[in-house]
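Have a look at the structure below before the remarks.
The values are calculated or read from the model by the stated rules, or taken from the named source; none is laboratory data. Just so you know, these numbers come straight off a predicted model, no measurement behind them. Here Cβ is always computed from backbone atoms with ideal geometry, including for glycine, and neighbour counts include all displayed protein chains. When the accessible area is computed, the model is the full protein with side chains, heavy atoms only, and any ligands, DNA or RNA have been set aside. Shrake-Rupley method; radii C 1.70, N 1.55, O 1.52, S 1.80 Å.
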Amino acid sequence: MRRTSLEKVVLLQKNPANIRNLCILAHVDHGKTTLADCLVASNGIISSRLAGKLRYLDSREDEQIRGITMKSSAISLHYGHGDQEYLLNLIDSPGHVDFSSEVSTAVRLCDGAIVVVDAVEGVCPQTQAVLRQAWLENIRPVLVINKIDRLIVELKLSSQEAYAHLKKILEQVNAVTGSLFTSKVLEERAEKEEEKEEKDGEPSIGGQVYDWSAGLEEVDDSHLYFSPDQGNVVFASAIDGWGFSIQQFASIYSPRMGIKTAVLLKTLWGDFYLNTKAKKIMKGAQVKGKKTLFVQLVLDNIWSLYDAVVTRRDKEKVEKVVTSLGVKVMARDLRHSDPKVLLSAICSQWLPVSQAVLSMVCEKLPSPLDITAERVEKLMKVGARQFDSLPKDTQELKTAFLQCSSEEDAPLIVFVSKMFAVETKALPQHRQRPLTQEEICERRELARQRHADRMAADQTAAQSQSESPSQDGQPAALCTAKMESLTLRESRPEEEEPTETFVAFARVYSGKVKKGQKVFVLGPKYDPARGLSTLPEGCRAADVVPEVPHLSCCSTENLYLLMGRELEELEDVPAGNILGIGGLEDCVLKSATLSSAPACPPFTPLNFEATPIVRVAIEPTHPSDMPKLVRGMRLLNQADPCAEVLIQETGEHVLVTAGEVHLQRCLDDLRDRFAKVEISVSKPIIPFRETVIRPPKLDMVNEELGRQHKVAIIHQVKDEASQGRSSDTLHVDAGGLVTITTPNRLATVCVRAVPLPEEVTRLLESSAEVIRTLEQVNMSLREGKNLDISLGTVEAIGGLKAQLESLLLGRKWRNAVERIWAFGPRRCGPNILLNGDEAYRRPSVWQCLGRGDAAGEAAGQTAALRDFDNSITSGFQLAALSGPMCEEPLMGVCFSVERWDMQSAAPPQHQDSLEEDSPSREASDSRVEGSSATGSREEGAEGGRSQAGRRQEAGPADCYGPVSGQLIAAMKEACRHAFQAQPQRLMAAMYTCDIMATAEVLGRVYGVLGKREGRVLHEEMKEGTDMFIIQAVLPVAESFGFADEIRKRTSGLASPQLVFSHWEVIGSDPNWVPTTEEEYLHFGEKADSANQALKYMNAVRRRKGLYVEEKIVEHGEKQRTLSKNK
């Protein structure tokens, strides 16, 4: 087929009914890029012989070397189906879990997806992940079961066995879709129940017995599932160039057999067989032991073709097949030594995969006009707000989405899902175009003229040199020319143009985007209600716009048609198309919404499956290159949707990535493309968390504690440490209550540390955004600002409070939720500060849920106590941010302030933070005054009065005084000592590891997992294959080099997929020493056996430059000396 011209594509872009925006999704190595090659070859962009070998959409060098896709690439294809012509905007996405963020960026821009599944491996972890992503974005999938040739060549299955195997794969895919559908229906039903209860004011009858199945029967889910008779499944072998749907075979056999096509469509897949005597299609093939129609009419033909061409290489049979199929095969293909070449030549004409897949896409996937109202509302939700609560102008934009109009008066709405870097010389405006005959003649004349001028100049220079030589023997004109060239050469490096240009990967949802058009750029936190109230009515981006938070203006400098490795320049792009936009790098960081209407809300953020967890510190090899590195890291941050770049408190430049392969790609990009400097990379910075647990009931040899005899000769390290901690300002009692007094004796704080239940920790970790919003609301209330909180935000905060109340049960957690003082670290972490001081009643953190008259009083009380209240909170935040074990953040710890006594050195009228009605407080104050403060008060009465005068003038500046600073330090130390008074543990980040391996290498896989502290959770054999699926958990700290090692040990027969899962407490105590007779006998006096937690803790302390307690030399007198060596 000839390559489609740009003019034709531009013409097709104007008809949204015949546009299909689709992406290819699959697990790694299931054949996405090979399938994409076959589709690209159908448009004449590449040769059909190179399809599957070229991997056209893998344009990066490292993608070609590794053989995996690392980025999403788009290409526009033209396809004629019947009497209609279609434009297909195809996006190839990665399958590796490290690059799942690229899948999210592709899925957001599409209306449909081709899900590719390997016929041998079946549904894999990433297949489930991509199906879930497609479901969350409300896009319709179709299925391609690829690599069917492996069933014939590798597994050597018969056609009947292959049919059973394919049936199982379909069931597996449909099971994933079914579970997603069920969860959605149940969620909707629960929401309806809640609404009903709110209206009636009473719980529904029969609430004690909950019918989980209710609601599923009424909903029609038949259109969701994949079934060949519905036309949404294609069976293919992309590498051999063939693929088919049942419709193709139905149309082939219908005239031959005299059976209607509609009947064949219903019976070709399923338990039907052909009764040759009665010449009827009948049901019950399995019971009667007959071949099903699918096996008899479809698979048997393919199996016999492979048998003739690949297995037996029977030339006579091949010639018969070629004649009967009516295909033309070239003589060189028949003579070729590789039978796959001949097979591909026959199949690509008989059952071309591109025709089967593209026909299915055109028939089954929706056009941009078919976008559902549900999907539009989901895209337009702002934060936790419901669609109904948005401004009227914003809700009216929903019709613009649904109409997908390109009229002049239609509002422009564009979503940018990512920014990608392109070499500046690869842009169409910088590309060299072929010269015309006239231009060639002109250039020839110019070259001749220049040559003649140069010859004349040289002759003149030679004459002048012979007549009047300059001082140093060089002509003056030549000296001047050399000086000019030197100056130019020196100035060139400063004017060095950037070699990389950023292009936005975007889709137009409404309106028509034009080259040079001015548009609004809406940040993710932009609020349309606020924007509409600030901006004048009818305001456009081209006007002078007043400042609105998270709203800026920019112009679309260039528009590009994405054609895989190439870009084509366009003047305008109508609605429903995918495009590239140049000139947005200064306005858009990673993703954004562009619109001509300020009423447009920002689209909901992308759903990223992978969490960035692998950190490395980066510095340039030559310190003078630091500015280049900083600029390069900024560009990398913009170019990669998942990578994070940050500067730590230590000043290190840190890169955070999703995994090892992702890290390697980012470092290569930084070296070769963005920074272009030599860099030094640290070993991966492994994150840990510190926590406390309940006192264990068993010791290290699994004996019950309390029954053994303590051994006197063993050092009681913990007892000594607790005795050493007691001093005149610090006291730790046996129950773990820490009492600390500030150095100026003006404040005393008593703190106790308690472990939080595991469910509460998980809830706090997942609700970080809600807690951050709650903190912002409380801060506004404390400052006296009237903040308008959306209903959705209040519901989210109320839901969090209700969940905490349901989880924090028991005597010690009584009324704990109301007594929450703060969350930490960074005011939104998984640790809690509780107010256990009955004498101090502070306003609740949940005050925004029940605001009224009480809120004003609470705000006044907070203002009076704010200075020192903030000091306690700040001390807790500092303690939660870096624990005592290795300065890592705390997790799952609750600090309860049991007592907080304050007294002021100022006269009583300035004791703004003292509660005078507390008798215990007065008694403690008088004790302190009698013992230590009397002498100082007599000596410095005048100084005290002058200080009081200064305080009266300063007012709020008191929060920066010495009392506040000492209280922060005291609170931090109190929290640290309270933490150390409890059994301490490290928490390690854990990966879930999915491994597919054959039976013969299963033992080696287990060996590698055991060596790296992995733990197998589940293992099952895939039916019909010799493949095992192993699910395990593996510490992130042990995961570096894991994939390479497992591939080496198993000769490439096992490949792992690592995804960050959770934090897990490491069982061993890093400070453990033997204290019982049994432990002493088992571990020895030194207990120098490997302690995993201690190893991790010391590694982190060593990296941070903290003191590490370890013996470098033991038994020094036994070492060989110099005299002995002689």
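For ASP625, the conditions (1) part of a strand (DSSP E or B); (2) open to solvent by less than 50 Å² (accessible area, probe 1.4 Å); (3) more than 23 Å from LYS71 (Cα to Cα) are fulfilled apart from (1). The helices (runs of 4 or more DSSP H) found wholly in the stretch 279-332 and carrying at least 1 residues that are touching a residue at least 60 places away in the same chain (Cβ under 8 Å), open to solvent by 20 Å² or more (accessible area, probe 1.4 Å) and among the charged types (D, E, K, R) occupy 300-306.
Scanning the stretch 882-920 for residues that are modelled with pLDDT of 60 or more, in contact with a Gly (Cβ under 7 Å, 6 or more places away or on another chain) and open to solvent by 40 Å² or more (accessible area, probe 1.4 Å) yields one hit, GLU898. Pairs linking a residue in the stretch 996-1008 that is open to solvent by 10 Å² or more (accessible area, probe 1.4 Å) to a residue that is part of a strand (DSSP E or B), with Cβ atoms under 6 Å and 6 or more positions apart or on different chains, are MET996/MET1027; MET996/ILE1029; LEU1002/PHE1028.
Condition first: charged (D, E, K, R), under 45 Å from the mean Cα position of the chain (by Cα) and open to solvent by 40 Å² or more (accessible area, probe 1.4 Å). Can you find one or more residues in the stretch 262-272 that meet it? The answer is yes; a qualifying residue exists. Condition first: touching a Leu at 6+ places or on another chain (Cβ under 9 Å), within 15 Å of ARG3 (Cα to Cα) and assigned to a loop (DSSP other than H, G, I, E, B). Now tell me which residues in the stretch 29-55 satisfy that. Within the stretch 29-55, SER42, ASN43, ILE45, ILE46, SER47 meet the criteria.
Screening the candidates LYS71, LYS53, LYS32 for the property of being open to solvent by 10 Å² or more (accessible area, probe 1.4 Å), under 23 Å from ILE613 (Cβ atoms) and not aliphatic (A, V, I, L, M) yields one hit, LYS71. Restricting attention to the stretch 53-104, the residues that are over 27 Å from the mean Cα position of the chain (by Cα) and at positive phi add up to 1. When we screen ILE740, ILE679 for residues that are touching a Gly at 6+ places or on another chain (Cβ under 9 Å), at pLDDT 90 or above and of a type in the set (Val, Ile, Thr), the only hit is ILE679. Reported count of residues in the stretch 377-415, each being at pLDDT 80 or above and not in a loop (DSSP other than H, G, I, E, B), is 19.
Is it the case that PRO498 is modelled with pLDDT under 75 and surrounded by 15 or more Cβ atoms within 10 Å (Cβ to Cβ)? No, not satisfied. In the stretch 76-95, the residues that are part of a loop (DSSP other than H, G, I, E, B) reach residues that are open to solvent by 10 Å² or more (accessible area, probe 1.4 Å) and among the aliphatic types (A, V, I, L, M) with C-beta atoms within less than 8 angstrom, at least six apart or across chains, in these pairs: PRO94/VAL28; PRO94/ILE68; GLY95/VAL28; GLY95/ILE68. Mind listing whichever residues of the stretch 315-370 are farther than 23 Å from LEU35 by Cα and under 35 Å from the mean Cα position of the chain (by Cα)? The answer is PRO368, LEU369, ASP370. Within the stretch 335-350, is there a residue that is polar (S, T, N, Q) and touching a residue at least 60 places away in the same chain (Cβ under 8 Å)? Yes; the residues of the stretch 335-350 include at least one that is polar (S, T, N, Q) and touching a residue at least 60 places away in the same chain (Cβ under 8 Å). Residue pairs whose Cβ atoms lie under 7 Å apart, separated by 6 or more positions or on different chains, with the first residue in the stretch 416-433 and over 26 Å from ALA575 (Cα atoms) and the second assigned to a strand (DSSP E or B), are GLU423/GLU500; THR424/GLU500; THR424/THR501. Checked against the criterion of being at pLDDT below 90 and touching a Ser or Thr at 6+ places or on another chain (Cβ under 6 Å), the candidates ARG66, ARG55 yield just one match: ARG55. Selection within the stretch 562-594: residues that are small (Gly, Ala, Ser) and within 20 Å of TYR56 (Cα to Cα). The member of this set that is least open to solvent (accessible area, probe 1.4 Å) is GLY580.
Let's see how each residue does on (1) in a loop (DSSP other than H, G, I, E, B); (2) open to solvent by 10 Å² or more (accessible area, probe 1.4 Å):
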| residue | (1), (2) |
| --- | --- |
| GLU102 | no, no |
| VAL107 | no, no |
| VAL115 | no, no |
| VAL120 | yes, no |
| THR127 | no, no |
| TRP135 | no, yes |
| ARG150 | no, yes |
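The residues listed here are GLY632, GLY651; of these, the one that is in contact with a strand residue (DSSP E or B) (Cβ under 9 Å, 6 or more places away or on another chain) and not in a strand (DSSP E or B) is GLY632. Residues of the stretch 1057-1078 being at pLDDT below 85 and over 27 Å from GLY892 (Cβ atoms), which ones? Within the stretch 1057-1078, PRO1074, THR1076, GLU1077, GLU1078 qualify.
Of the candidates ILE679, ILE647, the single residue that is free of Cβ contacts under 8 Å to residues at least 12 places away in the same chain and either buried (at least 23 other Cβ atoms within 10 Å of the Cβ) or among the hydrophobic types (A, V, I, L, M, F, W, C) (or both) is ILE647.
Of the residues making up the stretch 50-67, those that are out of contact with any Cys (no Cβ under 9 Å at 6 or more places or on another chain), more than 13 Å from GLY564 (Cα to Cα), in contact (Cβ under 8 Å) with a residue 60 or more places away in the chain and not acidic (Asp, Glu) number 1.
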